[in-house]
Each structure stands twice: as C-alpha cells, then as structure tokens.
Amino acid sequence: MSATSLAAAPNGAAARVRGRALARFADAAHRRLLALTALSVFALVALIVIEITRGALPAIQAFGWRFLAVTDWDPVAEHFGALPYLYGTAVSSALALLFALPLGVGASVYLAELAPRRVGETLSFVIELLASIPSIVYGVWGMFVLAPFLRVAIEPWLIARLGFLPLFRGYPFGIGMLNAGIVLAIMILPTIVSISRAVLLAMPRALREAALALGATRAEAIGVTLDAARPGILGAVILALGRALGETMAVTMVIGNTNRVSASLLAPGATMASVIANEFTEATSRLHLAALIEIALVLFAFTVVVNAAARLLVLWSTGGRRDIAGAA
Amino acid sequence: MTSPAPPDEGAARPSGTGARGTPPGPPRVRRPAPLRIRGPSAARRINNRAVIALCHVAAALVVLPLLLIVWHLIEKGLGGLSLAFFTHLPKPVGEPGGGVANAIVGTLVLAGLAALIAVPVGVGAGLYLAEYGDGRLGALVRYTADVLSGVPSIVVGVAAYGLVVVPMGRFSALAGGVALGLLMLPTIVRSTEEVVRLVPRSYREAALGLGAPRWRMIHSVVLPAASGGVVTACLLGLARAAGETAPLLFTALGSRFWTLALDRPIASLPVYIYDYARAPYDDWNRQAWAAALVLLLLVTILSALVRLATRRMVRV
C-alpha cells in the first residue's frame, strides 16, 4: 500500500480494522450461538433422564432391586414387581428376532447380490417406505387380520401337533405372545434388510471375485461376503432389537395384556412398553405411577445400551460410514 | 475357465546351479498336463441352488406381509371413506356415521407444534455439527442425538408427562407437541448435518475468498445451497412424528370435540385409531380401518415424496 493512499484515507483504514474486529466478534458470537443450540440437544436428553429418574424415585426407594425380580403387580395392595413385563419384553423380542433374522439376512443377500440392479433398488425403496408405516397401523392389522387367522388356522394346529411342548399349550386366543412376536418381526424387518443391504454393498467386490476365481459357487462366494459383513449385520439386528424392545402400540394391541408369566407362546402377556401404555392414565396412586415410570427408566437404559452397541458395530464394519449408521 | 499355469514362475526360478553367470536363456516352460476341469461337486451345486432359492423365498416373505397390510388397509378402509368422514366430528356411541375432522386437524396442530419446537433447535444443532462439529462438543451432541433416536417413543411420552403435564396440571396439546418434537429432533439434527456437509468446498472457499466472514458464508451461501435438503430432513422427522401414538396417550390425551386451544387435550388420528380399534362396536372398528388408511396415506405420501426428492438431489 502506498504512503499517499494511507495518508489520503486514514479513516478508511481505521474503519477497515474496526470492520474486521467486528466481523471476528460476529463470527465468535455466531459460533457460540450455534454451539448453544447444539448443547441444548444434549440438555434435552439430560432433562429426559433426570425427569424420569425423579419420577421413578418413590418406587426405587420402596422396592429397590427387588422391583426387577418380583412377579407381583398389584395396584390395590401397592406391591409392584416388573418381572412379568421384563419377561414379556424379552420373549416377544426374542420371537421377533427368531422370525426376522433369517428372513432379513436372506432378503438383504437377495437385494444386494442376486437381484438385478433395478429390481434391487426398487424393492429396497418399497421396503424403506414400508418402514415408515406407523406402528398403530400394524396394531390394527395384527388385531383384526392376524389374530383371527392365528386363532382359526395356526394355533389349533400347533396345539394338536406340538401341544406336548409347554411352549404350545393352552387355548387358541389369537392374541398373545406369538401374535406379538410375528407383528414385531414384520415391523423390524425393514430395519434389518435396509441396513444389512447397505453393509453388504459396502463390502469390497474383491472378496466375492476372489472367491469366485478360486472356484467357489455363488452361494459360497456369498458366504465369504456375509462372513466379512457379519459385524455390520449383527449391528443391524441389534438396532432392530432396540426397536422391538421399545415398540409400544402394535404390541399393546395384540399381546393381550395380562401380567401372568406363562411358558406358552399362545398365552397372553404384557411387555414393559405395553403396561405403561395401558395403565399410565389410569394410575391413581403415587406409587403406581412411580412404578410405571421406573419401568420406563429400565426400558430407557436397555435401549441406550442396545443402540450404542449396534451403532458401534455398524460404524466399525462399514469403515465409519456415518450415513449408514445414521440412516438407521 | 482356462488353465491357471503361471508362466513367470518358471522364468523366475534359476534353471540350475550350473547356470549361474550365463545369461538367462529363454525360459523353459514345462507344459502342464491338460487340466480336466471339473465343476463343483453335485453336493455343492445343490447347496448353491438351495441357498439362492432360499434367498429368493426370504425376499418374497419379507415383502409379502408388508404388501398384505397395505392391501387389507385399502380393502377394509376404502369403504369407510367419504366426504363426511373428513368433515364431521365423531358421533356418540350408537349413532352411525361421524368423521375424523377434529382428529386430522389435531394431528396437524400437534405436528406443527412439534416442528416449531424441533426445527430451530435441530437445524441449528445440525449446522453446528457440520461446520464446527469436529471437537468434543460435536462428538457429545452427535452421540446424544443417536441416543435420543433410539429412545422408545413411550419413554419420551413419560418424560413429556413429567415435564409439561404435571407442572401445567392437565393434559394438553402443548405436551403432545413437546413429546413429538423430542421424537423429531434427532432425525432433523443428523440429516441436516449430512446435507450441509454435502455442500461443495468450493462454495465455501468462494464466499470466504470474496471476504465474507464465516457466519455470512454459512447463512448466505451454505444454508441456501443446502436448503432443499434441510427441508427434506424436517419433513422426514415430521413424517415420523405424525404417526406416533404412544407418547400422545398421556400428553395430548385425545378429544371428541373441536379444540384448538393449546392448553387443552386435543384429538389426533393415531389416538383416534387406537380408541376406535379397541371399541367393541363393528361400526367403530370400520372407522378405525378408514382412519388408519388416511394416516397411512398421509405418512407414506409425505415420506415417499421426501425420499424421491432426496434421491434425486444428493443420492444418499
């Protein structure tokens, strides 16, 4: 800069310096503001945790760890134990995984490896779309379509043929654990399929080509790819499990809602989520409400652990591709 | 397949100990015995066929129940749809007819409230993550957003009950909006981050090169460039929240009347479906099917549009 221009416009230079300082200040303020909004996401989650813990406190103080080990749920006598609901959640989710795991993995192999590209993309689009069906719709279907079908066609057959097993003893109600397991399986299949497909597509082609070049059949080559994709697929399954654990409406409508623990899959039961949905507005005593909120707290803890594990697995096996883990 | 005899293996190996020092002659390639190529054994061929067939069956079995659900909804719900269904209030028990007008409006009100809460926070947090989010705060916020997206909706409902319903002393549309907003939030945060990260570097460099301060760059260049994707992200969250039932059961509660007051219970389609499906009247069950069809159309059309738009725009 020449001396004359400096001399000619000293005010301009000063203004420029002032402007730059202002811009720096505005930048810093803007960054702080954005950081504050980002922090509020964390604050909201913390608020949820604190609120639920606070609400559950009376029940925690009254029952301690026994809460998780007692099957007695009696609002009149104010004895509360969550074991029937833990059991119901575990059994219905396990059933759902039992149905959904082989189907989901098979379908994702078809979509990623076997189907023509156009067919694969169209089908995955449809499946993703179906994932957005609200759970209440699954509930209505399970209640009015699946339950009569099970009652008339499937359950009498199971009782007649396999009734010697305690799993299939009882009466064909239509609603119950089996129905809940099937509906849950249908609901979590899109999650399993779309993530597993993404994981399979992210595997290096060289794996399959090497296997084929060594003389493997197509199925064997798929086996090699599946082997490499195992952590990611496991992640997808665990993520689906997290969804099944917390699923409320569909399960509430088809599980029958009794707090009895029964070995039979045909018997009605209840899950942690369904008991909250059923009794929350009707809870009259402070302790009853607190017990329900404690169930919510336990459910929250479960799903956080399950989801964290799943996301780590998916991230790890896709080399940190957040879009896949995040899309879930 | 051709025989896999590698010619360079013979060339690389010295032909004999006495040959040291002499220039390497033409490699003596031992001609391999003609290979009899056998395909995979019968057992492996059968296994191959079986595995591939099973994959096809699995794919069919995945799509089938989903299509069945849609089919039953259309079959049982279509008959219940009429103009009156969309414009009337629910009738008392015993009177035929009645509609879901208040529930549709209630769902829109709740969704609007949820968006009002979740969009500013979500887009701001997403912007932060994309622009400044490489530090510890970014990792923390990303992690909590992931945690929040895994929290069951009923648990969020319980939290909203404690945070809004208890202090206010009654069930209200506001509480329902808060619950749905919390459910939308993680989707908006993470999708906004993804979309903003997709804005090319050159845009940012051009803006900074022209002397724009960083905040100007973000607001005048990056955000407009990503605006389509950000809107998509918000709609995706909205589609998810609009179909939720569980958190509304004890926040917005439901109502059989016209209400727009935010501090009163308000009707919504999902809760309407829940109540009518469990009622012991055939007529109500029919209306539940029809309402379920309406809800499905609402949610599916929204997310189909969103997904088609995203595919075209950013190829996620």
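Legend: calculated FRET efficiency, B:Ile74 to A:Val152, from the Cβ-Cβ distance at R0 = 30 Å, rounded to 0.05, equals 0.85.
Distance from the Cα centroid of segment B:232-258 to that of segment A:173-218 is 31 Å (rounded to whole angstrom).
With r as the distance between the Cβ atoms of A:Arg54 and B:Ala84 and R0 = 35 Å, compute the FRET efficiency 1/(1 + (r/R0)^6) and round to 0.05. Efficiency at R0 = 35 Å is approximately 0.15.
Database remark: amide H of B:Thr259 closer than 5 angstrom to the amide H of B:Ala267 (H placed geometrically; neighbours at sequence offset of 5 or more, or on other chains; Pro and chain starts carry no H). Each Lys and Arg adds +1 at its Cβ and each Asp and Glu adds -1 at its Cβ; summed about the Cα centre, chain B shows a dipole of about 1920 debye. For chain A, the calculated P(r), taken from all Cα-Cα distances in 10 Å bins from zero up to the bin holding the longest distance, is 5, 19, 23, 21, 13, 7, 5, 3, 2, 1, 0 percent. Its Cα gyration tensor gives the protein assembly as shown an equivalent ellipsoid, and the semi-axes of that ellipsoid, as √(5λ) in whole Å with the largest first, are 47, 41, 23. For chain A, the membrane-span-like helix rule (DSSP H, alpha carbon extent of at least 30 Å along the helix axis, mean Kyte-Doolittle at least 1.0) picks out A:83-109, A:177-202, A:286-317; this says nothing about an actual membrane.
Between B:Leu210 and B:Met168, the FRET efficiency estimated from the beta carbon spacing at R0 = 41 angstrom works out to 0.25. Under 5 Å between amide hydrogens, built in the peptide plane, is the criterion, and for A:His79 it picks out A:Asp74 among residues at least 5 positions away or on other chains.
Please give the helix B:282-314 orientation as an angle from the longest Cα principal axis of chain B, in degrees from 0 to 90, rounded to the nearest 10. On a 0 to 90 degree scale, this one is about 40.
As a rough footprinting exposure proxy, the listed residues B:Glu244, A:Glu220, A:Glu78 were ranked by other beta carbons within 10 Å of their own, and the order from fewest upward is A:Glu78, A:Glu220, B:Glu244. Distance between the modelled labels on A:Ala263 and A:Phe164, one decimal in nanometres: 1.5 nm (7 Å Cα→Cβ projection).
The long axis of helix B:269-278 is offset from the longest Cα principal axis of chain B by roughly 80 degrees.
Computed from the coordinates by the stated procedures, all read-outs in this text should not be read as laboratory data. Source: prediction; values computed, not measured. Cβ: placed from backbone, ideal geometry, glycine included. Neighbour counts: every protein chain shown.
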